[in-house]
Amino acid sequence: MARDTKRRAPGRRSPWAAAALIGIGLLLTGGAYAGASAAMAATGETEVKSALTVEDGKKLFQANCATCHGLNLQGTESGPSLYGVGELAVEFQVATGRMPLQAQAPQAPQKPVQFTEEQILAMAAFVQETAPGPTFPSDETLDGEGDLAHGAELFRINCAMCHNVAGAGGALTEGKYAPALDKTSALHMYAAMVTGPQNMPVFSDMNLTTEDKRDIISSLLWQQETVSPGGFTLGSLGPVSEGLFIWIFGIGTLIAVTVWITAKSN
Amino acid sequence: MAHEEDPLEHERASWKPSPGLAVAVTDPVHTPEVPPHRERVTDKDPAAMKRAVRTVYTLFYLSVAASIWAVAAYMLFPIEDGSLVSVRDNNLFIGLGIALALLAIGIATIHWSKAIMSDKEFIEPRHATRGRDATRRAAYHAFEDANEESGFGRRTMIRNSLFAALVASVLPGLTLFRGLAPQDEDPVELLSHTMWTKGMRLARDPEGTPIRASEVTLGSAFHVIPEELASVSHEDGYLEAKAKAIVLLMRLLPEQLVPEENKMDWTYDGIVAYSKVCTHVGCPVALYEQQTHHLLCPCHQSQFDVSRGAAVIFGPAARPLPQLPIAVDDEGYLVAQSDFTEPVGPSFWERH
């Protein structure tokens, strides 16, 4: 092989040329994308600093939400009524980017947030004033100082079957899924339990008390902060990702070693 | 054997053309030609050979170093504080040392055999498959003599009693399997009944606090155990009882429910209770979608429609989830009307 390289005509490409070209191409594309997204992020930092009123919230709602939810929250063919969903549900849906809805699909995905915090709170205040519902919890509920062990037990009983025992999320039917909880804020954990967004069941204070919710939130926050002592988590998805890893890398390495053992030496 | 002039001599007779339908050939096995010997770099270039030798002994010494490192890592990263992080460091660094030590031995050995040891090809003739006629006769006579002298074929009483003894000796092993099922109770009876009885309150898992009908809001899902289960200790079979009695409680709009004729009064104002044990192989079915009212089993993707009596709408489950008939007592708490009217969980032999 080595002698072939020396004898190659000066105009011919080396077999490494294709690999090098692909590598350079990938680096350039990646670099350009990183630069562009950094530029986008820099321009997106225009914040409205004025305090918005319920009246502003109403205008924002009518401009952005009323097409599906109706001018008076009554709902339409394309969207449910918002009577009694409360400001907490509005904050959850809009501040996680689920609303405004991207498309009529099995599930609204999380996407970049479309409104400033001020605007979201103004819309939430409008919805709350028109037809009240669940509201924001006290700071103590979200402080993450609850009973971790009790919270984890409640999580295993009530949440883990969909959200995975490590909070890594999991699949449901027909394209729906329970999202991962590794980046979810304490407020949004609380809001999801209280309001039951999309296909998640409601866990009202009469099912899990405020203290129970505080424990669950604490255990999830603890999991978010704790480094995995076992090394690579591979997404904490259990046998699926671990099996895939060992099939590709474990068996791949074995095949490579086998080929090396049986190949004749140069 | 390997040094005979022609080890296949006695077999050649059976390769003679036969008068059958097959196309006969004189020698069905064509010995492939030995490819010309190709010299390796290490054969031609003494410097390369020197390099290969150096690589091999360096790897062996590297293995020695890695073994010493593994011993040192045991002392450098002790699991004294009991924290998970120290367990990780201990395992990681000892493991890396041992892995490198063994891997270096393996790689060095293979490299040694491939690059340095002689790789001259030579032919080792295969042994004949068919034994020589003399050997075959001798083997036959060995069996015949053994049969004659032991009387195995002649003394049928002895032979048959031996067969009986052998068969009987397996029976004690089979009997032991009975120990897997409960000893003093009928397993069918145990599988057919759960802890639920008439009037027993539905309670939250794991606290065991009873649930009022008014507390079950629309769209919520409660994970339920019998109220009395919470006071059962693990020694008294808490887990066994729980594994059969767990229930999922959900509230739908009453008009969304399409109950069967004989189950009309099994619900209370849109509140339904179903066994959480999948009828396929017994996984806990609790992935409830409150908008579609579908229950998904995470193990094999069986789906049940809660609004239509937990009927199977997808997947391998054979039967709907058993429904727990519920009512409300005079204090407003949800209670069971009775036990489940059919066995919960997967099929078993006697289930009809």
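For the reader, a short list of remarks on this structure follows.
- Span from the the stretch B:68-142 Cα centroid across to the the stretch B:168-202 one, whole angstrom: 47 Å
- Choice from B:Ala146, B:Ala138, B:Ala70 with maximal GNM fluctuation in chain B (Cα, 10 Å cutoff): B:Ala70
- In the elastic network of chain B, a GNM with C-alpha springs shorter than 10 Å, the most mobile of B:Val312, B:Val272, B:Val41 is B:Val41.
- Largest GNM mean-square fluctuation across B:Ser214, B:Ser118, B:Ser275, computed for chain B with C-alpha springs under 10 Å, falls on B:Ser118.
- Normalised contact order of chain B, rounded percent, pairs of Cα under 8 Å and 6 or more residues apart: 12 percent
- A simple spin-label model places the labels of A:Ser241 and B:Glu149 6.9 nm from each other, with each point 7 Å out along Cα-to-Cβ.
- Nearest-0.05 FRET efficiency for B:Phe314 and A:Thr135, computed from C-beta distance (R0 51 Å): 0.85
- Label point distance in nm, B:Lys44-B:Ala139, each placed 7 Å from Cα along Cα→Cβ: 5.0 nm
- Quotient of Cα Rg and 2.2 N^0.38 Å for chain B, N being how many residues it contains: 1.83
- Restricting the stretch B:184-246 to GluC sites (Glu not before Pro) in coil, as DSSP defines it, with at most 16 other Cβ within 10 Å: B:Glu185, B:Glu207
- Dividing the summed -39500 (n - 2.57) terms of all DSSP H runs of n ≥ 4 by the residue count of the protein assembly as shown sets its mean residue ellipticity at 222 nm at -13000 deg cm²/dmol.
- A simple spin-label model places the labels of A:Ile251 and B:Arg178 4.5 nm from each other, with each point 7 Å out along Cα-to-Cβ.
- Net charge of Cβ neighbours under 13 Å - reference B:Met200; Lys, Arg +1; Asp, Glu -1: -2
- Rounded to 10°, Cα long-axis angle of helix B:156-176 versus longest principal axis of chain B: 50 degrees
- Taking N as its residue count, the alpha carbon Rg of the stretch A:139-232 over 2.2 N^0.38 Å: 1.03
- The Rg/Rh ratio of the protein assembly as shown, with Rg taken over Cα atoms and Rh as the Kirkwood radius over Cα pairs, comes to 1.12.
Only the coordinates and a few stated rules stand behind these numbers; no lab work does. Bear in mind the structure is a predicted one, so any value in this text is a computation, not a measurement. Cβ sites come from the backbone with ideal geometry, for glycine too, and all protein chains shown count toward neighbours.
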